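This report concerns only the one structure given below.
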């Protein structure tokens, strides 16, 4: 029975090192190019018209598609002259941290493993930096949209029903 492991670990390792080097080169030289460039219509149509593959795709070929059709048309937030949105800047250190996190594939919803304790430690550090009490708790999420959504839900449940609506003049 075939599993999901690669057939040739050496080839995968070589491609992985190339990907890492290419992304580090990209981050290092990002300031040399435009902050953002629009995706050509031909590239956009290529995504829209791409049928579902019926067979496995070779990883090197998929990576070539990424370097040609995805990487050049990113959101631009890694660029030092990017002045939009809230999300982080895509640092080399962050990329390597994501590599480690993805390699562990940890579910932080509980259980008894080290990544859960790392999350708890980061939440404790954040509470300390913000002057919150030792009893403060929190959750790490994927971005500002989800964080704001959770904040609104949390606030709506912290106030007795109806009071918040009366405070803003809604009966």
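What follows draws every value from the coordinates through simple rules; no lab data is involved. Predicted model only: the values in this text are computed from it and were never measured.
Taking each DSSP H run with n ≥ 4 as -39500 (n - 2.57) and averaging over every residue of the chain yields -16500 deg cm²/dmol at 222 nm.
Taking the chain as the reference, fit the longest principal axis to its C-alpha atoms, fit the long axis of helix 114-129 to the helix C-alpha atoms, and give the angle between the two in degrees, 0 to 90, nearest 10. Relative to the chain, helix 114-129 is tipped by roughly 50 degrees. Note on the chain: along the principal axes its Cα atoms extend 59, 43, 37 Å, ordered by decreasing extent.
Relative contact order of the chain, taken over Cα pairs closer than 8 Å and 6 or more residues apart, is 15 percent. Treating the angle as unsigned and between 0 and 90°, give the value, to the nearest 10°, between the Cα long axis of helix 59-69 and the longest Cα principal axis of the chain. With both axes taken from Cα atoms, the answer is about 70 degrees.
For the chain, find the longest principal axis of its Cα atoms and tell me its angle to the long axis of helix 9-28, 0 to 90°, nearest 10. Orientation of helix 9-28: about 60 degrees from the principal axis.
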